[in-house]
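The values are calculated or read from the model by the stated rules, or taken from the named source; none is laboratory data. Being a predicted model, the structure only gives us computed values, none of them experimental. A quick note on method: Cβ atoms are made from the backbone with ideal geometry, for glycine too, and the neighbour counts reach across all protein chains shown. Just the protein is used for accessible areas: all its heavy atoms, side chains included, with ligands, DNA and RNA removed. Shrake-Rupley method; radii C 1.70, N 1.55, O 1.52, S 1.80 Å.
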Amino acid sequence: MLQLSRKDVYMDNQNALTSTAMLAAIWEYEQKDTLELILPFVTYSIGKVISVGNRVDITSIAAYLSANLGFYDIPHSVLQKAFKRLPKRKILERKNREFFLKIDLSENCRMIDQQLQRAQKDTDEVIKVMTEYLNQRKERLFKKDFSAKEIRNHFIKFLETKGYFVYEKIEKLQEISACENTIYYHIAQFIIAEYHKKSIVFSYIENIVKGLLLSRVIYGYVDVTYNEKFKDVCVYVDTTLLLCIFAFKSDEQNTAASQLVEILLNNNISIKCFKHNYDEVYKIIEAYKYSILNSSNRHGQTIEYFDKFEYSANDVERVLHNLEDYFKEKSIEIVDTPTLSSDGSGTIDENDFPKAIGEIELKEHLSQKVFYKNDMAISNDVESISAIHILRQGKTFKKIEKCKALFVTTNHFLVDVVQRFLNDTSDSVPLLISDLELTSLLWLKNPKRFSDFPTLKLIESARISLDPTEQIRTEFIKKIEQFKNEPTVTEERASAYRQLIYTEKEKLMELIDGRPENISNIQLADLEDISRQHYNSQLNDENKRLKQQIEERERKIRIESKEKVEYIGEIIVKILKFSAWLFFAAMLIISIKTLYTQWKENSNYNAIILLGVTVLGLIDAIIPRYRRVNKLITILANKCKMRVAKKEQERIRKILES
């Protein structure tokens, strides 16, 4: 859920980073409900502002939390609930619905100061190392050194653009300059590098992100308890999230979406999508197919999975043909949007009016506040938001575990803009929620099982920042068109160069240092070199794949050959044993028949006794000899198996040589 007042200032000081790092440390130790996490900060603020015996002024506490700890505009409802817990701990005393400080909190404040100093030391180390990293690249960036303060502000804004904060003027974050994008690109490179090194600095960054995720939940879900189950809640996912769930986007986005689906299903939350979102997914994939057929018209976003494995138009067509199976595999039901009519007749009466959100007004509001590439996208969002409002029958819910329906989107800008449209400053559950916020909340309910979630989201955010921006893609395509005027660049080569912005985007971004203005400096030799590396890499991958196939085939042939030899050996043993038994049985039958004939001729009991003794003697003679025979059978069988094995080895050699 969103922050209740949905206000935050751009955080130009270290307080927020320090507090969130400390918040993560408290979470690691406590892992209690969300209100318990903020109590140390509330108690600390009371001790700093209020004297013993004086009334606790909620406005003063909120102001101190904002100015000194980075908890900007924390809802008074959150503070009220925090205050109610403190009388039981003998800290506050309640009189006539007001709270008074009961004890001296100087020792408590001293301990919190020590924790804040440790957290500040960690965040300072992050900024120090990040500043050194970026200044080492100053010749490739802006020909100047950055100060630690500048890097701190850039790092905070980088986190803001990834949805970790709530904003006062969210529209500003859609107006990110090319210069800022370049800095974010290098910050992302720094984060990835520290992640691969498994450095202590990365653990500090991870703590900051954990704290930010926790703070988002605290602002909006102060009543969350970890053992409360979801009841009859259905989540509806947006188009981009569907592409991630089907593993069509980047590896990090796909993994995060897969984890969200796993958490939802584990909490018995059903997952659905509206028919228009299914249609939008279909059209996006279909557009990718047409872009392959005519690469000169290929612009904008792509489908990373198809790029990675270089899908042909036929491959993409196969995906379209089986698209519904992807939904079934992930247990996502495709449904129509509901109507306002309560009885389903299509007739709307006055009782249905509260369920209407005002689609015309909402569409107008979104068109002014959110950038959309086409009218279909904005219409789909309006239809989805309106559908959730109808499914809830216009009612508000205090607990997300009982909110009936929720629309989940990857667009955190959209979430905030819709809240502003509804002018919702209450503590009710919003109609839509970002995937980051929902996963954060569910992570808090399952912290041990999904302990890697904060790291996963951080790396996902960093990886996305390494991707070419829309401006870079457009400028790159223009550069390729410029090269087409040169006699050595055929249409086929130009088409291959265009694909590099998708298939070798990391190398191209490194070539231009993430700066759009550097695209003009790209030479044909640069593109040829990257193309050569790309096709060499493809060739190596193909060779590896073929080698693996050959090794797998050889392994299967050898297993089959071994099984064949063992089978033949077993058959030989059975035949020899059967022959031995047949021989001994024949001897016994002949002996018995001979004695029986003698007894019949003489007709005396001595012959019968002799017959019995003879039979027992034969059996006694056969058993020890059979053991020897059995050993002989094993030797013969092994010799036969060796001959068969040699023939099989020769057969395998000929197969592998061919």
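Values as computed for the structure displayed
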| quantity | calculated |
| --- | --- |
| Sorted peptide list for 513-523, 529-539, 413-423, criterion being average Cβ within 10 angstrom, highest first | 413-423, 513-523, 529-539 |
| Vicinal HN-Hα couplings computed from phi for region 233-244 (Karplus, 6.51 cos²θ - 1.76 cosθ + 1.60; Hz; Gly/Pro x) | 9, 10, 9, 10, 9, 8, 5, 4, 5, 4, 4, 5 |
| Region 247-294, accessible surface, carbon-and-sulfur percent (1.4 angstrom probe) | 49 percent |
| Reference-scaled alpha-carbon Rg (2.2 N^0.38 Å with N residues) for region 464-514 | 1.15 |
| Cross-link partners of Lys95 among lysines (Cα-Cα below 18 Å; sequence separation of 8 or more within a chain) | Lys81, Lys84 |
| Relative contact order [Cα under 8 Å, 6+ residues apart], region 383-486, whole percent | 22 percent |
| Above-threshold pairs, the threshold being 18 Å between Cα atoms, out of Lys289/Lys484; Lys162/Lys457; Lys121/Lys144 | Lys289/Lys484; Lys121/Lys144 |
| Listed peptides 194-200, 127-133 by packing density, highest first (mean Cβ within 10 Å) | 127-133, 194-200 |
| Portion, in percent, of the accessible area of region 437-481 that falls on carbon or sulfur, probe 1.4 Å | 49 percent |
| Calculated SAXS-style log₁₀ I(q)/I(0) at q = 0.19, 0.24 Å⁻¹ - region 197-287, Debye, Cα scatterers | -1.08, -1.21 |
| Set of lysines near Lys88 by C-alpha distance (under 22 Å), chain-local residues within fewer than 8 positions excluded | Lys32, Lys48, Lys102 |
| Per residue solvent-accessible surface (Å²) - region 410-503, probe of 1.4 Å | 37 Å² |
| Cross-link reach list, aspartates and glutamates versus Lys231, counting only Cα pairs under 12 Å and skipping chain neighbours closer than eight places | Glu401 |
| Computed over region 416-531, Cα set: Rg, Dmax in Å | 21.5, 66 |
| Peptide ranges 74-87, 543-556, 107-120 listed from the most packed, as the mean C-beta count within 10 angstrom indicates | 74-87, 107-120, 543-556 |
| Two-site FRET efficiency, Gln482 against Asn294, from Cβ-Cβ distance with R₀ of 22 Å, rounded to 0.05 | 0.70 |
